[in-house]
Every structure is written in structure tokens, then in C-alpha cells.
Amino acid sequence: MSIIKLHNNYFKPYISKEKVDETVKNLALEVAKDFKEEIPVFVGILNGSFMFAADFIRHYPTACEVSFVKLKSYDGTNSTGNVDQLIGLNEDLTNRSVIILEDIVDTGGTLQKIYDIFKNQPIKTLKVATLFFKPDVFKKELPIDYIGLSIPDEFIIGFGMDYNNLGRNLSSIYKLTTQKMTNIVLFGPPGAGKGTQAEHLKTKYNLVHISTGDVFRYNIKNETDLGMLAKSYMDKGDLVPDEVTINMLEAEVDKNLDANGFIFDGFPRTTSQAEALDAFLSKKGEGINGMIALEVPEDILVARLLERGKTSGRPDDQDETKIRNRFNEYNTKTAILKDYYTNQNKYFGADGVGSIEEITNRISAIIDTL
Ligand code: AMP
């Protein structure tokens, strides 16, 4: 949920503090296994590695030395062009094992310079330990001896890494996003409580709630063309055809483009609706942050819907056959969306049995991590 803005760009949470801590610790223990017999010298490359180096050293279980250097590129005054120099390295490293601590290796440009500088020094060995590594963009043949986490080619900040000098103080990792909105798909079978929860969540997170069922019912009440079209399907508990529903949904989103984000309730209900939603949002530089599914046993649902039918006036709530048909539609056409969002690591289940407040709290705990 907590997208942050630095300069003119937006960054969203990517790797948790806990995951980073665990990775640093494992890396320190892995390196320590190889240097049981000697006291290595760790050399952190400033500025980005200061936090990684500090935590790494804290976790390093045996004797070690630590130093920091900065890589500086001068415009060479001779024919060799640019000259790279390490500044700050005052120790005598003769015959020592030197382990470079890097926050991130991407194309390998910096690493190449470090190797070039150390190759003429009388040290015993040179090893490289990096917290993050981007294999997809690494262009060099150089060895990287210890890797914390390999990540796709994302622009990341936090834990010492910056975007134009900001973001170093974040204790977890964020990645650049063009997405400014928080968009949630609230999911679950009819009667799961999506509408009730959406009402609470929209206020709490300042989101626009779009319930496709409500939009259809509004159109039916006002006898619009869309309402007339949808009515026959809805009355039976069948799904309204995708094309109609998708066009209507897009029009609702377009009406609220300055929103903080949306809670989609009752949409998407089919894979083609989910694909259409992704395509539509991505054209706007936006996307779905997560699907939150309310999980409720079917018997409780039937009882809830029949109870609601006594007061809602909804024909599809008053007859158990229609209710069962809606479950059937859900189980055959809609439930597969769980896989669609699971494949994108965006599916989150929430226990939908309990008091309204308890359930809101469960959902909020999920939204806060998105
Ligand atoms: P709901 O209020 O979400 O239970 O929706 C009531 C009815 O509206 C459903 O049974 C469908 O007939 C129709 N409907 C709502 N959302 C959709 C959708 N995304 N796709 C197709 N039909 C929908």
C-alpha cells in the first residue's frame, strides 16, 4: 500500500526488511565458512554498500577487518582517457584476502573497474560478495563469488541504495513503479461480504469502490439500454456477457481517473475480464496490486443470501436454485481467477467468517503489504 514518491518518481515495496536481513546474515555465514583460517579484509564500496556492509559485519562470526572505499573516475589528462581510482584505501593489503562488499551488481561496470584496480596489487585473493545481482543485464565475464539475491532488471532503492541521493535510509527494498494507484480486486463467492467490506475499506484507504453488480442494478432501476440488456442474465443468476461488462467497467474507471485507486468488487469474474482489466490499466501505467479473496463455506453463504433476500428485494437472493446457480457460475467460471492472480504472485486469501470488523482487519493487514 505504501507507495512512496522520491523526486518525481514512485517506488513500491519490493523486498521486505526481514528478507533483506536474512539474506545478509546467510551471506555473512557463507563467506565465513571459506575464511576460517585467516582474518579477511572486507572492503565496502561507497556510498551504496554502507548499510549492507554494516549489517554484514555485524553478522560475521569471526575476526575480520573492514574498510570503505569510493570509486572515482577522473577525466584522464593522458591518452588513456578515463582513469579510475579507489579513494580511501590506506591499509597495507599485501598478502591479505580482500572481499569486496557491493550492494548491487547490474551491468558489471563498477565491478570491472574494481578488478582492474586490484589486479596490480600484491594481495592474496580478491573475492566479491554482492547483496543483489541482476543476471539479465550482467555483461561481463567476471566472477562473483557470493550472491545474496538474484533479481530481475528492476530499478531498486533502499537499504543504502539511492535514487538521486534519496531513499538510502529505507530499511527495506523498493522498486520503481509507474503505478500511482492502489488497485484491489475483492474476490469471493456471492454472499462472501465483498460489498460490506468494500464500504469500510474505501473510506479507510480513500479508494473508489466499483461493484459491477451495483452498476447493473442501477441501470436496471433506471431502465437504461445497459440495464435492459443485463436484466435477463442477472435475474437467472447467469453472468452478463463479457463484452458488455468490460465496456461498462472501463467507463466507470474512466470517470474516476484522479482516484487514489479502486476496489473492484464483482469484477473480474472471468479470465477474459481479468486480461481486459490488466490491458486497460497497463495502458494507463497502472495495474492490479492484489486480489484479496474472502473465504467462506457454502452453507454459511446460502443462509446469508436468503437472509439478505428478505430485505434486499434482489430476485437472485430469494430463491435457493438461483443462488446455487450463482455458486455454479462462480465455481466454473470465476474461481479459476485464483490461478490467474496466483501466477502473478498477487493472490491473497482472507478468512471471511467472523465479525465485520475482524474481517476488515484481516483484509487491511494484507493491503498494508501491497
Ligand atoms: P453481484 O451483485 O456481484 O452478486 O452481481 C449480481 C449479478 O450481476 C451477477 O450474478 C451477474 O449476473 C451480474 N454481474 C456482476 N458482475 C459481473 C461480471 N463481472 N461479469 C458478468 N456478470 C456480472
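Relative contact order, percent, of the range 102-168 when contacts are C-alpha pairs under 8 Å separated by at least 6 residues? Kindly include the intermediate steps, with their values, before the conclusion.
Values: 87 pairs, mean separation 20.6, N = 67.
Relative contact order, the range 102-168: 31 percent.
Let me know the shape class of the range 298-370, please: from the alpha-carbon gyration tensor, a ≥ b ≥ c as square roots of the eigenvalues, rounded when a/c is under 1.5, otherwise prolate if a/b is greater than b/c, or oblate.
Judged from the Cα gyration tensor, the range 298-370 comes out oblate (a/c at least 1.5, b/c at or above a/b).
Put a dot 7 Å past each Cα toward the Cβ at Thr369 and Glu37; how far apart are the dots in nm?
Between Glu37 and Thr369, the simple spin-label model gives 4.5 nm.
Please get the size of the charge dipole for the chain, origin at its Cα centre, with Cβ charges of +1 on Lys and Arg and -1 on Asp and Glu, quoted in debye to the nearest 20. Could you put the intermediate results ahead of the total?
Values: 43 positive and 53 negative charges, 80 e Å.
Dipole size: approximately 380 debye.
Principal axes first, then extents: for the Cα atoms of the chain, list largest minus smallest coordinate on each axis, whole Å, largest first.
85, 44, 32
Using the structure shown, select from Lys5/Lys33; Lys12/Lys221; Lys25/Lys134; Lys284/Lys333; Lys140/Lys175; Lys25/Lys113 the pairs with a Cα to Cα distance greater than 30 angstrom. Kindly include the intermediate steps, with their values, before the conclusion.
Values: Lys5/Lys33 41 Å; Lys12/Lys221 41 Å; Lys25/Lys134 20 Å; Lys284/Lys333 27 Å; Lys140/Lys175 24 Å; Lys25/Lys113 27 Å.
In this structure, Lys5/Lys33; Lys12/Lys221 lie more than 30 Å apart at Cα.
Report, in degrees rounded to the nearest 10, the 0 to 90 angle that the Cα long axis of helix 194-205 makes with the longest principal axis of the chain.
50
For the pair Lys25/Asn331, report the inter-label distance in nm, with labels modelled 7 Å from Cα in the Cβ direction.
Label-label distance for Lys25 and Asn331, simple model: 4.5 nm.
Ignoring ligands, DNA and RNA, what percent of the accessible area of the chain is carbon or sulfur (1.4 Å)? The partial results should precede the final answer.
Details: 8950 of 18320 Å².
Within the chain, the accessible surface is 49 percent carbon and sulfur.
Lys140 versus Asn260, label points 7 Å from Cα toward the beta carbon: distance in nm?
Result: 4.5 nm between the two label points.
What aspartates and glutamates sit close enough to Lys322 to cross-link, taking a C-alpha to C-alpha distance under 13 Å and skipping anything fewer than 8 places away on the same chain?
Hits, sequence-local ones excluded: Asp235, Asp238.
Using a 1.4 angstrom probe, figure out how much accessible area the range 13-122 has per residue, in square angstrom, rounded to the nearest whole.
Accessible surface, normalised per residue, equals 53 Å².
Calculate, for the range 146-229, the solvent-accessible area per residue in square angstrom, rolling a 1.4 angstrom probe over the heavy atoms of the protein chains. Walk me through the intermediate numbers first.
Details: 3750 Å² over 84 residues.
Value returned for the range 146-229: 45 Å² of accessible area per residue.
Quote to one decimal, in nm, the extra length available between Lys180 and Ala54 on full extension: 0.36 nm per residue of separation minus the C-alpha distance between them.
Result for the pair: 42.1 nm of gain on full extension.
Of the cross-linked pairs Lys139/Lys346; Lys236/Lys310; Lys19/Lys139, which ones have a Cα-Cα span greater than 29 Å in the structure shown? Intermediate values should be presented prior to the final figure.
Details: Lys139/Lys346 31 Å; Lys236/Lys310 18 Å; Lys19/Lys139 27 Å.
With Cα atoms farther than 29 Å apart: Lys139/Lys346.
Looking only at the chain, where both bridge partners belong to it, what percent of the DSSP beta bridges are antiparallel (to the nearest 5)?
Details: 17 of 55 bridges.
Of the beta bridges lying entirely in the chain, close to 30 percent run antiparallel.
Report the extension gain between Leu71 and Glu91 in nm, rounded to one decimal, defined as 0.36 nm multiplied by the number of residues separating them, less their alpha carbon distance. Let's see the in-between values first.
Values: separation 20, 0.36 × 20 = 7.20 nm, distance 1.61 nm.
Length gained between Leu71 and Glu91: 5.6 nm.
How much area per residue is accessible in the range 317-358 when the probe is 1.4 Å and only protein heavy atoms are counted (Å²)? Display every interim value, and only then the final one.
Details: 2440 Å² over 42 residues.
Value for the range 317-358: 58 Å² per residue.
Can you compute the helix-only [θ] at 222 nm over the chain? Use -39500 (n - 2.57) per DSSP H run of at least 4 residues, normalise by all residues, nearest 500 deg cm²/dmol. Display every interim value, and only then the final one.
Working: 12 runs with 141 residues, N = 370.
About -12000 deg cm²/dmol.
For Asn343 and Glu199, what is the calculated FRET efficiency with R₀ set at 30 Å and r taken between the beta-carbons, to the nearest 0.05?
Values: r = 30 Å, r/R0 = 1.00.
For Asn343 and Glu199, the calculated efficiency is 0.50.
Pick out, in residue order, every one of the chymotrypsin sites (Phe, Trp or Tyr not before Pro) in the range 139-189 that is DSSP loop and has at most 16 other C-beta atoms within 10 Å; say none if there are none.
Working: sites: Tyr146, Phe155, Phe159, Tyr163, Tyr174, Phe187; in loops: Phe155, Phe159.
Loop-located and lightly packed - Phe155.
Whose amide H sits under 5 Å from the amide H of Gly349, counting only residues 5 or more places off or on another chain, with H placed in the peptide plane?
Ala293
The values are calculated or read from the model by the stated rules, or taken from the named source; none is laboratory data. All values reported here derive from a predicted model rather than from experimental measurement. We place every Cβ from the backbone using ideal geometry, glycine too, and count neighbours over all the protein chains shown. These area figures cover heavy atoms from the full protein model, side chains too; ligands, DNA and RNA do not enter into them. Shrake-Rupley method; radii C 1.70, N 1.55, O 1.52, S 1.80 Å.
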